[in-house]
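To keep things clear, I will list the structure first and then write my remarks on it.
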2 protein chains.
Amino acid sequence: MDSQSTIRALAALAQEHRLAAFRLLVQAGPEGMAAGAIADALEVPASSMSFHLAQLAHAGLVSQQRRSRSIIYAADYAVMNALMAYLTENCCGGASCASDAACSPIQSAERNVA
Amino acid sequence: MDSQSTIRALAALAQEHRLAAFRLLVQAGPEGMAAGAIADALEVPASSMSFHLAQLAHAGLVSQQRRSRSIIYAADYAVMNALMAYLTENCCGGASCASDAACSPIQSAERNVA
DNA sequence: CCGATATTTCGATGAATATAGAAATATGAG
DNA sequence: CTCATATTTCTATATTCATCGAAATATCGG
């Protein structure tokens, strides 16, 4: 994952309706959801939702697949995991930051925000 | 972590110079770096970098601390981990998506992008 | 083919964001 | 107190983004 595609993915998620749509798809699982169902659930006009779904797809965060008259969207977890990996890459310059329990992407977020 | 703070964090990272600065701080570790050093490393004017660092700080992704004439910035890993947790929350509706090896935030990104 | 359904593309408008020089603020040294 | 250093705030401009109705495209049933 390079800088440009990372920015595209982050920008895609940094918007109210797109973040909501993505989370909805994450919860929907591999089955996915039709574009119309997503628009209905989030109470966003179809044309607006289409605009946002296109950006999520362009960023690779969701896949689209036509099924009859509907287009089914589904979350792609791999891209999001790649995102996280890119952000924490070469953490602490490779030094032993495990002592601080800071670099591990697995730990829960309990540290104080200074 | 709620929707608004998540969007703020994602938007903060979705910009070339801010993403580069954050990654630089992640690699710098707990020691952090002075604002001027970051601006020099990324070849961005000081006033522009200050604008970007303020946004990262407002999103909680970095902390700032004055040390003599310098202001030292350091990455806060907890917020980023909280970010990832929020995105994958209630994945697959809680069903057994482990069979698909899709929901785990730990796995490496090797699945095909459909 | 024709009508109904599902979704996308187009187009215009208003809002938010990035940029960088100049001026202002804060700290330390002599 | 004064000068030098480090960073931020101010200000203006150019670019990008979100919105949503209307029209266009694609698919299915009869």
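The values are calculated or read from the model by the stated rules, or taken from the named source; none is laboratory data. Worth saying up front: this structure is predicted, and the values here are computed from it rather than measured. Cβ atoms come from the backbone with ideal geometry, glycine included; neighbour counts cover every protein chain shown.
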Discussion item. I'd like the full set of residues that are away from every other protein chain (no Cβ under 14 Å) and either more than 7 Å from DNA strand C (Cβ to nearest atom) or surrounded by fewer than 16 Cβ atoms within 10 Å (Cβ to Cβ) (or both), limited to the range A:40-49.
Written reply: A:Asp40, A:Glu43, A:Val44, A:Pro45, A:Ala46, A:Ser47, A:Ser48
Worksheet item: In the range B:58-88, which residue that is at the interface with another protein chain (Cβ under 8 Å from one of its Cβ atoms) and surrounded by fewer than 18 Cβ atoms within 10 Å (Cβ to Cβ) is farthest from DNA strand D (Cβ to nearest atom)?
Response: B:Ala85
Worksheet entry | 1 or more residues out of contact with any Leu (no Cβ under 7 Å at 6 or more places or on another chain) and more than 14 Å from DNA strand D (Cβ to nearest atom): qualifying helices (runs of 4 or more DSSP H) within the range B:1-51 | B:3-13, B:16-28
Discussion item. Checking the condition modelled with pLDDT of 95 or more, β-branched (Val, Ile, Thr) and at negative phi, which residue from A:Val79, A:Val44 passes?
Written reply: A:Val44
Worksheet item: Out of (1) on the phi < 0 side of the Ramachandran plot; (2) part of a helix (DSSP H, G or I); (3) not β-branched (Val, Ile, Thr), the odd one out for A:Gln64 is which?
Response: (2)
Response to the item:
From the option list B:Ala9, B:Ala34, single residue qualifying as more than 10 Å from DNA strand C (Cβ to nearest atom) and surrounded by fewer than 18 Cβ atoms within 10 Å (Cβ to Cβ) is B:Ala34
